[in-house]
1. How do the peptides 71-77, 172-178 rank, highest first, by the average count of neighbouring beta carbon atoms within 10 Å per residue?
2. What FRET efficiency do you get for Asp363 and Gln77 if R0 is 45 Å and r is their Cβ-Cβ distance, rounded to the nearest 0.05?
3. Cα-Cα pairs above 41 Å in the chain: how many percent?
4. Test of understanding: what is the full-extension gain from Ser245 to Arg210, defined as 0.36 nm times their sequence separation minus their Cα-Cα distance?
5. Helix-derived [θ] at 222 nm for the chain: sum -39500 (n - 2.57) over DSSP H runs of at least 4, divide by residue count, nearest 500?
6. If we count GluC sites (Glu not before Pro) as exposed when they sit in a DSSP loop and have at most 11 other beta carbons within 10 Å, what is the longest stretch of the chain that avoids them all?
7. Is the range 93-146 rounded, prolate or oblate when judged by the Cα gyration tensor, a ≥ b ≥ c being the square roots of its eigenvalues, rounded requiring a/c under 1.5 and prolate requiring a/b larger than b/c?
8. State, as an integer percentage, the relative contact order of the range 6-136 based on alpha-carbon contacts under 8 Å between residues 6 or more apart.
Amino acid sequence: METPRAGLRPYFPLAAGVLINLSTGILYAWSVFVAPLEASLGADRATVSGAQSLCLFTATIGCFVMHRLLRWFTLPQLTLVTGAVTAAGFALAGFGQSVAALYIGYGVLFGFAVGVVYFVAMTAASIEGPVRPSIAMSINMSAVAMGGIAWSPGLAILIEATGPEATFGVTAAVSFLALAIAAGLIALSRKTPPPATGASGLFQDMLTDRPRVVIMIFLGFVCIAFTALAVIGHAATMMAAWGASSDQTQLAPMLSSAGYAIGGLVGGLLVDALTGRRVLAGVGLVMGVFLLALFLAPGVAMGLAAITAVGMAFGVLASAHPVTIAGYYGAGALPRVFGRIAIAYGLGGLLGPFSAGAIYDADQHYGSAVILIAALAFLGALFYAGLPRRERLGAPERPAA
């Protein structure tokens, strides 16, 4: 007779991916740290925001090397190792009590680890199981935002009670425990990820045998990541600048995370229904329209609507990207190909939050930053629209969008 654990075992890899992404959702709750860190470190907004920019850039290095790390570690071992690196990064950021410690601990160590485990979670969710791949990926990606929702109020309470430094220490312990459990789930599943596919060599490894796909997604991702991460990284401070109450300010990162969760749940399904090219281009259009409306009619209500819409569109993107890439290349090539494209996320993350902070410091308002990121969102939509209509090699041509 099958034991209950054996019956649940096929779900363990997806459960591990969800748990990993819930734990790393703190990445999207960053804005609650900004003002407290400015006060405790005596730094300006651009300097504090630079830690998030560095984190997002370093994350892409983790994404880039993850598939190679699997040559040295099994998937459970890699999860546990990156859990230890994550905890060390948060501990250093908290107890170092300096800008340098924040940059090294949060920006470098946590950034690298979160890039690796992001792809660990994606790889775990791609393991064959009882849940359809597009649905599994959507559930997995939405968990990042659910983590942001769960982290934001708790972090705000902890920061108010103990300060940002001690809050980082608590985060270190919670993150390590979550990743250790995830490693155990992957090991107990007795499943392995799809075998890697694709040739090696500079051109084929970086641009692949379908360079147009990589180039268009890369350029579109740079623009959309810049836009979304600038908004998410400044959600709370943007609302404060528009005269929001304390409750509304704390609500902003939760709304962006809630939107991301909803978008993440439907992104893969939308690709199944509409094609990846259409969905990705639509993401840029939605972001651009809401941000343009915010520029024309700035205020609390429009700010909350735009922040939510950007979060939702970015969640759709998070699920649509891997499903679309798997459509062009197959699931086995996903860590390799998406790991290269994820460099765009790092560039957008490096430039977006820092630029928005620098513009605010110069202007003492977010108007110029909003119109800049709106223009980039529209540009990203144009790049995505340049993707080939045909996905898998040999697939029939789809009707024109």
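1. 172-178, 71-77
2. 0.40
3. Working: 7334 of 80200 pairs.
The answer is 9 percent, as a whole percent.
4. Numbers: separation 35, 0.36 × 35 = 12.60 nm, distance 4.99 nm.
Here the segment from Ser245 to Arg210 would lengthen by 7.6 nm.
5. -26000 deg cm²/dmol
6. Looking at the chain, 3-396 is the longest stretch - no exposed GluC sites (Glu not before Pro) with at most 11 other Cβ atoms within 10 Å.
7. Judged from the Cα gyration tensor, the range 93-146 comes out prolate (a/c at least 1.5, a/b above b/c).
8. 37
Quick note: the coordinates plus some simple rules give every number you see, no bench work behind them. Small disclaimer: the values here were computed from a predicted structure and weren't measured. All Cβ positions, glycine included, derive from the backbone under ideal geometry; neighbour counts span all protein chains shown.
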